[in-house]
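What follows is a single structure, written as structure tokens, with notes after it.
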Amino acid sequence: MKGGNLTKESPLINKSKAFALEVLKVCKELRATKCEGVLINQFIRSGTSIGANIREAFYAHSKADFVSKLQIALKECYETEYWIELLIDGGYYNNKEIQEKCIEIKKMLIASITTAKENMK
């Protein structure tokens, strides 16, 4: 819906991209520790998908499409949170900072979806 240079100004886009880069960094570390490959692959897939869906939302064809893309990003965020919990609880990773960043993005997505839905009325 916004497109163009406005996407560069979006805190949600910026934070989700930074988060995706952090996910890639963590996964690189996890590979070095011989973490289960399936955990790493799922974590990369969902963790990087959040930002991709947010970016896609900003080029939506309608307000409903915009909300739909953000809802997909939110689902991916919840899934990513699950993989982080498994990595931490399973003893593969002990830095909870990435979990906090995921929760922050989740809260931003929820607020954005709520606002967008209210603006559709």
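One table, with the values for the structure above:
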| item | result |
| --- | --- |
| Selected residue [part of a helix (DSSP H, G or I), in contact with a Lys or Arg (Cβ under 7 Å, 6 or more places away or on another chain), surrounded by 20 or more Cβ atoms within 10 Å (Cβ to Cβ) and in contact (Cβ under 8 Å) with a residue 40 or more places away in the chain] from I105, I84, I54, I50 | I105 |
| Pick from the stretch 87-102, criterion part of a helix (DSSP H, G or I) and closer than 16 Å to L21 by Cα, ranking: nearest to the chain's Cα centre (by Cα) | C102 |
| The lone exception for D65 - which of (1) in a loop (DSSP other than H, G, I, E, B); (2) surrounded by fewer than 17 Cβ atoms within 10 Å (Cβ to Cβ); (3) not hydroxyl-bearing (S, T, Y) it fails | (1) |
| Residues that are among the hydrophobic types (A, V, I, L, M, F, W, C) and surrounded by 11 or more Cβ atoms within 10 Å (Cβ to Cβ), drawn from the stretch 34-45 | C35, L39, I40, F43, I44 |
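Let's see how each residue does on (1) exposed (fewer than 13 other Cβ atoms within 10 Å of the Cβ); (2) of a type in the set (D, E, K, R); (3) in contact with a Phe, Trp or Tyr (Cβ under 9 Å, 6 or more places away or on another chain):
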| site | (1), (2), (3) |
| --- | --- |
| E9 | yes, yes, no |
| A32 | yes, no, no |
| F58 | no, no, yes |
| Y93 | no, no, no |
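None of the figures in this text is laboratory data; all of them are computed from the coordinates on show. What you are looking at is a predicted structure, and each value in this text was computed from that prediction instead of being measured. Ideal geometry is used to build each Cβ from the backbone, glycine not excepted, and the neighbour counts take in all protein chains shown.
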